1. Somewhere in segment A:66-84, is a residue part of a loop (DSSP other than H, G, I, E, B), farther than 23 Å from residue A:153 by Cα, more than 9 Å from chain B (Cβ to nearest Cβ) and within 28 Å of the chain's Cα centre (by Cα)?
2. Among the residues of segment A:313-351, count how many are of a type in the set (Asp, Glu), surrounded by 14 or more Cβ atoms within 10 Å (Cβ to Cβ) and free of Cβ contacts under 8 Å to residues at least 60 places away in the same chain.
3. What is the residue count in segment B:254-306 for residues that are of a type outside the set (Phe, Trp, Tyr) and not in a helix (DSSP H, G or I)?
4. Of everything in segment B:92-103, what is more than 12 Å from residue B:181 (Cα to Cα), of a type outside the set (Phe, Trp, Tyr) and touching a residue at least 40 places away in the same chain (Cβ under 8 Å)? Give them in sequence order.
5. Working only within segment B:187-205, note down all residues that are under 23 Å from residue B:145 (Cα atoms) and either in contact with an Asp or Glu (Cβ under 9 Å, 6 or more places away or on another chain) or free of Cβ contacts under 8 Å to residues at least 12 places away in the same chain (or both).
6. Within segment B:26-35, can one find any residue that is more than 26 Å from the chain's Cα centre (by Cα), more than 23 Å from residue B:186 (Cα to Cα) and free of Cβ contacts under 8 Å to residues at least 12 places away in the same chain?
7. Can you name the condition, by its number, that residue A:266 falls short on among (1) of a type outside the set (Lys, Arg); (2) under 15 Å from residue A:348 (Cβ atoms); (3) crowded, with 18+ Cβ neighbours inside 10 Å?
8. For segment B:265-312, what are the residues that are among the polar types (S, T, N, Q) and within 14 Å of chain A (Cβ to nearest Cβ)?
Amino acid sequence: MAHVELTDLVKEFDDVTAVDGISLDIPDESFTVLVGPSGCGKTTTLRLIAGLERATDGEIRIGENVVNDARAYERDIAMVFQNYALYPHKTVRDNMRFGLEQHDTAEEIISERVNETAELLQIEELLDRRPSELSGGQQQRVALGRAIVRDPAVFLMDEPLSNLDAKLRVQMRAELNKLHEELSTTTVYVTHDQVEAMTLADQIAVMDNGQIQQVGEPTHVYSNPRNMFVAGFLGSPSMNFLEGTLEESSAGKFELDLGGAVHNVPDEFTDALEPYLGDRVTLGIRPENIALNQDGVPANVHPATVEVVEPQGEKTVLELKLDTGQSIKAAVDPDTTVEMGDAVNLRFDRDSLQYFDPATGKSLTYDVKIEQQATI
Amino acid sequence: MSIEKSPLRRKLDKLFVPLTVGPTLLWIAAIIVYPTAKLLFSSLQFRNPVTNELEFVGLRNFQRLILAREGSDAALGVFNPSFVSFTTNTVIYVGFSVSISFLLGLGIALLLDKDLKGRGWFRTAVIVPWILPYVMSGLMWRWMFQSDFGAINGALQRLGIISGNIPFLSDGALAMMALIIADVWVFTPFIIIILLAGLQNVPEQLYDAAEVDGASRWSRFWNVTYPFLKPSILVALTIRIIFDIRALDLVWVMTQGGPGKSTEVWASWLYRTAQVFNEPGTGAALGVVLLAVTFAIVASLYKIFGESPYEA
C-alpha cells in the first residue's frame, strides 16, 4: 500500500510534449482514474508511474521514495495492459508465476499465491490452459491475476476493459469495484470512457493536452466542471453550450441575449458575471436538466422544434432546434410523447445552470456554486 | 427471390476449380514430381560407358557410394573412405557456416531492431554481401585469400601479426576455414533479414509486461523474444542448411574441393561424379542421399522450432 505523488511531471517525445507539468496526489488505497480523449497524455502518465518511460522533468513519488530513476520492477507496481499482454506460449499458471519467479520467490509461496489469486478471480479451472484457449473476458481476468499475485503497492491499469464487448465490460467494471473493495490496493486506472471513469473512481482526473483539467470526486466534477472541456467531456449526451451576449435589463437583472431569445440569469450569479457585462458568455446546461414544457410557463422558457427523437430505453434523447437557430439536446422521460417537427418549450433547471467564458473556456460560476454547496 | 443462373454461367462455375488449380498442379508435377522421380529412377541405373546404354542395377550405385569396394583393405572399415571423408567435410562446412552465421545474424538483427541512429543505412548496407552473385563473392574471397598477393596476407603482414605469407587455399584446414569465412560473409545477411522480420512480430506490450515483471535481459529474450522468433529461426535455418548442403558455387570457385580432397563436400562430389566423371547413376544416388538427409534435418528443425507461440 502506498500513495503516489506526481509533481510537475513533464514528458517530451522529440517535438511533442505528451505530459505537460502534471501534479497529482493519489491517496493510499484510492481508485484514481485518469480520463481524457486519446492523445491527452493519460497513458504516458501511467507509463511514467510504471517506469516504462523516463520523465523529462518533475518528480514521481511512490510511498516515501522518489522513483524517477528506479526501474519498473523496483517500483513495487503491477500493470494491467490494454491487450492483456499475456505470454502466449505460457499457461495461465506460468503467466501468473512469471513475475514472482523473476524475484526469486520461494516455490511454496509462489504456488500458494497463484492458487489464492486464481480462487479470488474464479479462474482455477483455467490454470493449465494457454491464453489462446481463453475468451477475452477470461484473458482479462488472468491479466488481473498476474497483477494481483504480485501483491504490489500500486496497480496500474491501462484501459483494461476496452477490448471487451459492452456487456462484459459492465460486468468486469462491477468486479473491479468489488476487487478494489477487497484488496484496497492503490489503483491508477486510465480510460477514455467517461462512464467507466465515473463508476469506478473515488478520484477522477480529467486530462487534456497533457494537462490535468480537474481533479476530484466523480460526482463533484460532473456537477461542478471548472471549464468547458471538463463540462463537455463528462456526460453523455454531453452538456449543451449556448453562447450569447450578457446584458442588463431595465429591471437591473442580467440576461443573456441568445440572438432573438433572452435567457434570464439567476440573481446569485450577478456578482460573478458582472465583469462580463456586454461580453460574450456561454451558458452550459446538461441535457437531463432540460424539461419539456408544452403548456408554456412564461418565465425563462425557450421555444424549440423537435428534430430527432432517440428512445434509449431508460431515457429519450431529443435533438432540438431553438427558435434562435442553435441546436440543443435534451434527455427526457421515456414516456414523453413528442414527434419530429413538434413545437415545444424548453425549461432549464435553474440550479444546474453554468456559465463559461467562451474565450478561455473557464467556468465563471464555479466558485459561487462551491460556496453555495458549502452553506447548504 | 432466387437467382437463376444461365447454363453457360453454371458451366463456367463448375470449371472454376479445375481452371485455377489445374495449371498449378501441372506446374508442380513438372518441376517437382518429374525431376524427383527421374532422380530416384536414375539412381537405380548404370550408364555403360562403352555402349552408352542404361542398365538397371538395383541398389548397386548406393553400395558403391557408401560401402568400401570389395577386396579393399578391411582395416579401412566397411565404408567407402571417400564417403566418410566428404561427409565429414560437409558436416564441418555446413555445421560451422550455419552456426556462426546464425549467431552472428541473430546478434546483428537484435542490434538493428533497436532504435539506433543510422539504423536504416546500416540495414541496407548489411544486405550487400547477399545480393552479390555467389560466384563473384567466391572469386573475391579467392583473391583475398591468395597466398602471394592476397589482401588478407597483406593486411596481416602490415599489422605485424605474421611475417611470411600463409598459403590459405593450399592448406587443407585453412582452405576449409577460408570457405567457411566466405560462406558466413555471404549468407549472414540472409539470416539478419529473416530474423529482423521475425522481431517485428513480437508485441511491444510483452516487453513492457516483462519489464514490469522484473525479467532480466536474458529472461526477456528467452520468454518473450525467442518464442516469437521461433518461426523465423525455422525458416532461416531450413533455407540456410538446404542452401549449404547443396552449395556448389563458393566451393567450386574458391577451392574446387582442394587442395587434394580436403574441401570436397557432397555438392562438389556430386557435381564431379555426375558431370566430370560421367557417372550419372552414382551421382543420382548421391543426390538421393542428399535429399534424404536434407529431409531428416528439416523435419527435426520443425520439431524444435515449428510451434508458433500462439499454438496450444
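1. Keep residues of segment A:66-84 that are part of a loop (DSSP other than H, G, I, E, B), which gives A:67-71, A:76, A:81-84.
Keeping just the survivors that are farther than 23 Å from residue A:153 by Cα gives none.
No, there is no match, as no residue in segment A:66-84 is part of a loop (DSSP other than H, G, I, E, B), farther than 23 Å from residue A:153 by Cα, more than 9 Å from chain B (Cβ to nearest Cβ) and within 28 Å of the chain's Cα centre (by Cα).
2. Qualifying residue count, segment A:313-351: 2.
3. Within segment B:254-306, the subset of a type outside the set (Phe, Trp, Tyr) is B:254-265, B:267-268, B:270, B:272-276, B:278-294, B:296-301, B:303-304, B:306.
Now restrict to residues that are not in a helix (DSSP H, G or I): B:255-265, B:278-279, B:306.
The number of residues fulfilling the criteria is 14.
4. Correct list: B:92 only.
5. Going through segment B:187-205, the residues under 23 Å from residue B:145 (Cα atoms) turn out to be B:187-189.
Matches in segment B:187-205: B:187 only.
6. Of segment B:26-35, the ones more than 26 Å from the chain's Cα centre (by Cα) are B:26.
Add one more test, that the residue is more than 23 Å from residue B:186 (Cα to Cα), and what stays is B:26.
Still in the running and free of Cβ contacts under 8 Å to residues at least 12 places away in the same chain: B:26.
Yes, the conditions are met somewhere in segment B:26-35.
7. Every listed condition holds for residue A:266 apart from (3).
8. The one that is among the polar types (S, T, N, Q) and within 14 Å of chain A (Cβ to nearest Cβ): B:308.
Rule-based calculations on the coordinates, nothing more; no lab input. Because the structure is a prediction, the values reported are computed rather than measured. Note that each Cβ is placed from the backbone with ideal geometry, even for glycine, and that neighbours are counted across all protein chains shown.
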